[in-house]
1. What percent antiparallel are the DSSP beta bridges of the range 6-145, to the nearest 5?
2. Tell me the relative contact order for the chain as a rounded percent, counting alpha carbon contacts under 8 Å between residues six or more apart.
3. Would you list which lysines come within 18 Å of LYS35, measuring only between C-alpha atoms, while excluding same-chain residues fewer than 8 positions from it?
4. Just the Cα atoms of the range 6-145: what Rg and Dmax do they give in Å?
5. Per-residue counts of other Cβ atoms within 10 Å, averaged by peptide: what ranking do you get for 19-28, 117-126, 75-84, highest first?
6. Normalise the Cα radius of gyration of the range 45-111 by 2.2 N^0.38 Å (N = residues in it) and let me know the number.
Amino acid sequence: MHMRDDSFLAGRLNQIWSMLFPEVERKNNIIIKFKGKWKNKFGHIKLLRNKSTEIAINSHFKSQEIPEYIIDLTIAHELVHYMHGFNSPLEKRFKHPHKGNIVNRELISRGFGSMLKKEKEFVKSFWPGFIEKNRGKNFSFFRNIFKA
């Protein structure tokens with residue numbers, strides 16, 4: 001079992017990028033790190049003042065209880081935003097980052113379809129309990145968001 005730290009994330013990013021996004025040009029410095037302990041998001045991407053792109057992955061994902069495919073899918077999701085020109089120097093291809101399910105459609109076209117199905121089940125059956133256990137609070141409202 002390996003240590004889940006920022007260098008682990010950098011390795012996963014490089015593997016996913018080279019295997020599944022090889023045509024996407026890396027036009028700036030990309031920093032990926034664990035950051036925040038969010039109950040309602042798995043990651044985000046932002047452009048820093050120094051023009052580097054930061055990909056933040058939920059620090060809850062350091063836990064070995066979180067399946068590695070969730071981390072990989074989150075990284076791939078943020079890479080889709082990068083390739084679409086959101087918080088990256090690449091040309092912006094869409095007006096809104098999630099409109100029309102563009103991220104999931106891109107992920108499915110790159111072979112992440114079964115992972116997306118598994119993620120939906122993970123969010124429904126595992127995540128709320130994990131958050132409650134690791135936050136010591138009741139976040140039952142979160143379950144309702146994902147019932148659809």
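1. Percentage antiparallel, nearest 5: 50.
2. Relative contact order, the chain: 18 percent.
3. Answer for LYS35, where 18 Å is the Cα cut-off: LYS46, LYS62, listed by chain and number.
4. Cα-based Rg and Dmax for the range 6-145 come out at 15.1, 44 Å.
5. 75-84, 117-126, 19-28
6. 1.19
Laboratory data are not the source of any read-out in this text; all were calculated from the coordinates shown. These figures come from a predicted structure and were not determined experimentally. With ideal geometry, Cβ positions are generated from the backbone for all residues, glycine too; neighbour counts draw on all protein chains shown.
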